[in-house]
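Contents: one structure, followed by commentary.
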Amino acid sequence: MPNTAEVEKPVASLMGVTKKVGSKTLVSNLTLDIPQGQIFGFLGPNGAGKTTTIRMMVGLISISSGDILIGGRSIKDHFEEAVAQVGAIVENPEMYKFLTGYQNLKQYARMFPGVTKERIDEVVTLVGLGQRIHDKVKTYSLGMRQRLGVAQALLHRPKLLILDEPTNGLDPQGIRELRDYLRHLCQTEGTTVFVSSHLLSEMELMCDVVAIIQNGRLIEVKQLKAVAGAALPVGETLFEVSDPQAAFQVIGRGRSTEEGVVVEATREEIADINVRLVTAGVKVYAIRELSRSLEDQFLEITGGEGIE
Ligand SMILES: Nc1ncnc2c1ncn2[C@@H]1O[C@H](COP(=O)(O)OP(=O)(O)OP(=O)(O)O)[C@@H](O)[C@H]1O
Ligand SMILES: [Mg+2]
């Protein structure tokens, strides 16, 4: 798939979004672009303002000042058009426990003209509910209920899927599966996913970009994954080789260590360097990314005040 994220408009933009309740400012002047086709993480400790922000994005609560655009439409001026482009699970989704998952989806689909039976089958496959879709919801595990919630949120093909702490309560296997089907969704339907969490490690595995908030304020937006084809540096890479000196000569930059050569390189450059080393007769034993973890970077940014 061509990478058009740079040229396309963001699927959503938060512009100076502020939420005040009484004298308390819960979210303060939050400005953020959510690029199309990515998995965008929204990371912050408990009470940071994640849910409050998401509630504003889906129109559950009003914005005190600023605005949110979804697909270019203002949530203030064109509420219906803006929220029509969003699918979300914010609180526990409404489900009829005595109906099957499939019957629930059929009920829900009636709210949207144009949702066909084929589309229902498609979302069931997407979230991997399989045959369990014909069992009653009251027999579902938490993870299965969540899948059904995501399926429901996807029925009308939203441009933006918003999930508030979707990994809460899931076991490691469930978290992994969520990650896989969100990625699949992003790739097959081009859906942009906005997902909140208070866990750094999780965001690192799941997201392309992460915005960090603390005390209602945006601290930083970080690109986590190099997009294929884009010339984004991916941090430092160690080429573990048979002859570091020779390798250093071949690469022509970086620094040599006992094990090999450390160099800042993009994905494409890594592949290229590897070919050059091998061609020059240097044995490459391993290629390892040395970039610091998000956790390290986060600690640096916040001066040691960790998230978890
Ligand atoms: N209606 C409200 N009135 C007053 N304060 C509120 C209200 N709703 C939320 N808050 C406060 O706003 C802050 C942000 O809450 P929010 O639920 O958005 O945080 P969060 O990042 O989602 O946290 P968590 O990780 O615990 O879900 C908290 O201090 C919370 O107590
Ligand atoms: Mg929350």
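The values are calculated or read from the model by the stated rules, or taken from the named source; none is laboratory data. Everything quoted here is computed from the prediction, not taken from an experiment. Using ideal geometry, Cβ is built from the backbone for each residue, glycine included, and neighbour counts are taken over all protein chains shown.
Checked against the criteria, Glu264 does not count as out of contact with any helix residue (DSSP H, G or I) (no Cβ under 8 Å at 6 or more places or on another chain), among the charged types (D, E, K, R), farther than 30 Å from Asn46 by Cβ and in contact (Cβ under 8 Å) with a residue 40 or more places away in the chain. The lone criterion from (1) buried (at least 19 other Cβ atoms within 10 Å of the Cβ); (2) of a type outside the set (Val, Ile, Thr); (3) within 24 Å of the chain's Cα centre (by Cα) left unmet by Ser74 is number (1). Within the stretch 100-109, none of the residues are in a loop (DSSP other than H, G, I, E, B) and either among the polar types (S, T, N, Q) or at pLDDT below 95 (or both). Here the strands (runs of 3 or more DSSP E) wholly within the stretch 170-280 that include at least 1 residues being away from ligand 2 (no atom under 16 Å from the Cβ), over 19 Å from the mean Cα position of the chain (by Cα) and over 26 Å from Asn29 (Cα atoms) are 236-241, 260-264.
Restricted to the stretch 49-74, and to residues there that are over 15 Å from Leu30 (Cα atoms) and without any contact (Cβ under 8 Å) to a residue 60 or more places away in the chain, the residue that is farthest from ligand 1 (Cβ to nearest atom) is Arg73.
Against the conditions (1) in contact with a Ser or Thr (Cβ under 7 Å, 6 or more places away or on another chain); (2) at pLDDT 95 or above, where does Gln38 fall short? Just the number, please. Result: Gln38 passes all but (2).
Quick check on my filter: what residues within the stretch 110-132 are surrounded by fewer than 21 Cβ atoms within 10 Å (Cβ to Cβ), touching a Lys or Arg at 6+ places or on another chain (Cβ under 7 Å) and either among the aliphatic types (A, V, I, L, M) or not in a loop (DSSP other than H, G, I, E, B) (or both)? Scanning the stretch 110-132 gives a single hit, Ile120. For the residues Thr116, Thr125, Thr100, the requirement of being in contact (Cβ under 8 Å) with a residue 12 or more places away in the chain and farther than 29 Å from Asp33 by Cβ singles out Thr100. Out of curiosity, is Val150 in contact with a strand residue (DSSP E or B) (Cβ under 7 Å, 6 or more places away or on another chain) and either closer than 30 Å to Arg288 by Cβ or within 16 Å of ligand 1 (Cβ to nearest atom) (or both)? It is false that Val150 is in contact with a strand residue (DSSP E or B) (Cβ under 7 Å, 6 or more places away or on another chain) and either closer than 30 Å to Arg288 by Cβ or within 16 Å of ligand 1 (Cβ to nearest atom) (or both).
Summed over the stretch 133-169, the residues that are crowded, with 18+ Cβ neighbours inside 10 Å and part of a loop (DSSP other than H, G, I, E, B) give a count of 9.
For the stretch 14-27, the set of residues classified as crowded, with 16+ Cβ neighbours inside 10 Å and farther than 13 Å from Leu218 by Cβ consists of Lys19, Thr25, Leu26, listed by residue number. Scanning the stretch 45-81 for residues being within 16 Å of ligand 2 (Cβ to nearest atom) and on the phi > 0 side of the Ramachandran plot gives a total of 2. Have a look at Asp171, Asp135, Asp208, Asp164 and point out the one that is touching a residue at least 12 places away in the same chain (Cβ under 8 Å) and either touching a helix residue (DSSP H, G or I) at 6+ places or on another chain (Cβ under 6 Å) or of a type in the set (Phe, Trp, Tyr) (or both). Every option except Asp164 fails the conditions.
Rundown of residues vs (1) at pLDDT 95 or above; (2) loosely packed, with under 15 Cβ neighbours inside 10 Å, yes/no style:
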residue: Val7; (1), (2): no, yes
residue: Asn29; (1), (2): yes, no
residue: Thr53; (1), (2): yes, no
residue: Gly59; (1), (2): no, no
residue: Lys97; (1), (2): no, yes
